[in-house]
Amino acid sequence: MKDASGHVRCDNGAATAKIRLRRQVAGTLDAGARVLDLFAGEGLMYRAVWHRFDGACLDWDADKARAAAEERQTWATYRSDAERALYGGWMRTARFDLVDIDAYGSPWPYVAAWFLSRRSR
């Protein structure tokens, strides 16, 4: 898949390491923990780790957001740009125990959007 600038993008680079890290973190969470997955992508992390939890997710790609909604039937699922959604207050009153920010490129704009937006933490 190519982004707007023509660069080839592929979901789940280094998937094995990402899954291992998330499983370690998931092992520290209570059964009732809630996960905010800012990039639903192709759903690999959900199927490998986050399916045990409730939560919310979004993706900018309409097909990926639709697939996430079908697969994550107990989750709140949206199609949007994550940075704009966070700055705009998306999910600002919801409680999350973990925020998974696995962005293409740098995660820092999304981290900034999370912390600089008005929200309950």
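Here are some notes:
- Mean projected area (nm²) of the alpha-carbon convex hull when the chain is viewed from all directions: 7.3 nm²
- Probing with 1.4 Å while keeping every protein chain in the model, the per residue accessible area of the stretch 35-107 equals 50 Å².
- Note on the stretch 16-113: with neighbouring protein chains present and a 1.4 Å probe, carbon and sulfur make up 50 percent of its accessible heavy-atom surface.
The values are calculated or read from the model by the stated rules, or taken from the named source; none is laboratory data. Since the structure is predicted, the reported quantities are computational estimates derived from the model, not experimental observations. Quick note on the areas: whole protein, heavy atoms, side chains included, nothing else; ligands and nucleic acids left out. Shrake-Rupley method; radii C 1.70, N 1.55, O 1.52, S 1.80 Å.
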